[in-house]
Structure formats: structure tokens, C-alpha cells
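First up is the structure itself, then whatever we jot down about it.
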């Protein structure tokens, strides 16, 4: 087997009838194995007025070992902190969860939506059921730009210490700063021949010192160095790319399933619409700033009715990944993704024996 491909396994979760917490959607879940070996999803639950909570649900598998149903268990995070609240609403959105081995803790990264706009927040847990907020991620300046004042989304943490640009092991965060004027809703109005903007709409990697042993994980929100990891390079991701599933170590390197945004033209009204697809990226195990492989074409595009029609049409949005060690299949991964910002689907990725020939992105910039 020598190609990456995602095989759809179906829709796993949709809004529960009569549940006001889910009336506007169930989407974009984190996925993590608990200390009990069970798989838990942490979906974004959207109530009226785009008020978002992070729920928790246990995944049930059928006799073949395929995810077949979920059991709702309640709420993991409710908007409570000032950085999660805004007049008339608030949001804890789009979580990703990683078990960070040096800390022996689960770290959740999520989008906190306050009056300042979306920002990256972090929380910590020992068991997936009790979460302690660590606050907003803060950033040292990058070339005079105050990254902490810029909207930010799509963050996830590596499970082990990663060499920073100077070679020192640190906690590493993938994220997507939203620089003004670069949102797909704005850039879609540009001509189709627009050159790729190497400075924006990209996946970044930032580093946080781990601190001294015994100091505790409470300092894990100050990121002091930054590097633009990957930029849009293919037509299916022309408008924007963003990190999707948290990095998982494979025999080929660090695997992430990310999203890219392109435009489609509706012939009915000559208007432009956005299409969110998914691709695969493999980063070097020793030096994750180096991209070993990247999809030339998407591995998942919106084709099902549940992906093409919903709160936002034409969206597949990968956020959770589960390595099937429980089946004795460490090269098999189940990918959990949002469907049209309204439901949750699952697709399967079997790791190829070798890295396929093909795209490695051109260097997006010098290390800083």
C-alpha cells in the first residue's frame, strides 16, 4: 500500500432532538483515549446564538472494531472565564487533546471566543473528566508583530518535547494566526489567479520552554519563538490552510490531517462559495519544521449530503485522530471530522508502507 486515502465510515454524531445545547450543531471533536483505554470524543456543542460548549461522549465500537455510536456524558468545558465570554454569549470551541508525555497530563487546546475575538486557550486534565484552565496562550513578538493581539484558531500540541529552532527541546504548538485581510471570506473576492500569500493563511509552529522538573505545568502558555511551518501551495487549499488533527508519531514521521480552503463558483447566482477539504502532511520526527510529505490533492472532500448541506455548506474539517493500538494495528488511524459545521463523521486512514512520491511544500520562510 503506497498511497494515503481516507475511507469514510459514516456519520457518528448529530444534534440530539430536543436538546437545546445542540440545536445549532455538533461538530469538530477532539478525540483521546482515557486511562481506562476507552475512546472519548469532545465535540463542540452549539446552542442558539452560536453559544458553544465542549461536550464529552464515549465512543462505542461494533464487533468489527469500527466506531458505531456515542454515549453522551455531559459537558467538559462551559464558557466561564472572561476570555470565553462576550455580551449575550460566549464560546469554548473546536478542541484538540494530546496526552503530553513529559507532563503525564492531557492538554486541551481550544478556541476561546470573547469580545476580543477567537484566541487559543489551554486546559489540563489527568483523567479527561476534570479540567483545569491554564489561560490564554501568549506569544513573544514575531518580527515586530504582536501575535497575541491577532485572532488565532486550530491549535494542537505535540505529545513529546520538540527541538525548537535553536535545537532545545520544548513544548510545540501548531496554530493558525488570522492576520487582518487574509480570511477566505475576504481573499475569495480576489481574482482566481491570485498569487499565494506566503505570509498569511498558514500553519505556524510556536515553542514554549518546558521549565524545570517539578515546577508544574502551569506555565505552559507562554510561547517564545515562532516559525511559519506550511503555506497554501495547491489549488484545493489556495485560500487558506489550517492545522487539523494533533500530531501523531508514525513510522514515517509526525502525521497531521489538515484542512485547506478553496473557492467554488455557484452557476446559479455567479457567487463564490468556500469549500473545506482535508489533506495529509508528514513532518520529520527529528526536525518537525521539515515537511517530508504533503498531499498534492485532498484526501477527503465534501461529497455526502451531510457534508454539503448544514450550518456551513461544503465542509469537512478534521480535528480528532485515534491510532488503533487497541486492535493491534498501529498503522491504522480513525479520523473524526466536522460535517458542514453540523454533524460529526469518521473516516479511516491506513498508513502506506512507504511515503508516496509527490509534494513537499517549498520552504515558507527562514527560521526565526
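The values are calculated or read from the model by the stated rules, or taken from the named source; none is laboratory data. Nothing here was measured: the structure is a model prediction, and the numbers come from that model. Backbone-built Cβ (ideal geometry, glycine too); neighbour counts: all protein chains shown.
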Yes or no: residue 71 within 20 Å of residue 27 (Cβ to Cβ) and crowded, with 18+ Cβ neighbours inside 10 Å?
-> no
Which residue pairs have Cβ atoms under 6 Å apart, sit 6 or more places apart or on different chains, and have a first residue in the range 139-156 that is on the phi > 0 side of the Ramachandran plot and in contact (Cβ under 8 Å) with a residue 12 or more places away in the chain and a second that is surrounded by 14 or more Cβ atoms within 10 Å (Cβ to Cβ) and in a strand (DSSP E or B)?
-> 154/176; 154/242
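Per-residue answers, yes or no, for (1) more than 19 Å from residue 356 (Cβ to Cβ); (2) modelled with pLDDT of 90 or more; (3) surrounded by fewer than 23 Cβ atoms within 10 Å (Cβ to Cβ):
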{"site": "219", "(1), (2), (3)": "yes, no, yes"}
{"site": "229", "(1), (2), (3)": "yes, yes, no"}
{"site": "232", "(1), (2), (3)": "yes, yes, no"}
{"site": "236", "(1), (2), (3)": "no, yes, yes"}
{"site": "248", "(1), (2), (3)": "no, yes, yes"}
{"site": "257", "(1), (2), (3)": "no, yes, no"}
Scanning the range 14-37 for residues that are at positive phi and surrounded by fewer than 23 Cβ atoms within 10 Å (Cβ to Cβ) gives 18, 37
If the Cβ limit is 7 Å and pairs must be 6+ apart or interchain, which residue in the range 324-344 that is in contact (Cβ under 8 Å) with a residue 12 or more places away in the chain and on the phi > 0 side of the Ramachandran plot pairs with which residue that is in a strand (DSSP E or B) and surrounded by 22 or more Cβ atoms within 10 Å (Cβ to Cβ)?
-> 340/315; 341/25; 341/27; 341/315
Single unsatisfied condition, residue 253 versus (1) more than 24 Å from residue 27 (Cβ to Cβ); (2) crowded, with 19+ Cβ neighbours inside 10 Å; (3) in contact with a strand residue (DSSP E or B) (Cβ under 6 Å, 6 or more places away or on another chain); (4) at pLDDT below 95 | (4)
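Being in contact with a helix residue (DSSP H, G or I) (Cβ under 9 Å, 6 or more places away or on another chain), touching a residue at least 40 places away in the same chain (Cβ under 8 Å) and over 16 Å from residue 343 (Cα atoms) narrows it down to one of 119, 96, 105, so name that one.
105
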Just a yes or no: is a residue in the range 63-79 in contact (Cβ under 8 Å) with a residue 60 or more places away in the chain and under 17 Å from the mean Cα position of the chain (by Cα)?
-> no
Within the range 38-53, can you find the residues that are surrounded by fewer than 16 Cβ atoms within 10 Å (Cβ to Cβ) and more than 24 Å from residue 116 (Cα to Cα)?
-> 38
Which of the residues spanning the range 54-64 are surrounded by 14 or more Cβ atoms within 10 Å (Cβ to Cβ) and farther than 23 Å from residue 93 by Cα?
-> 61
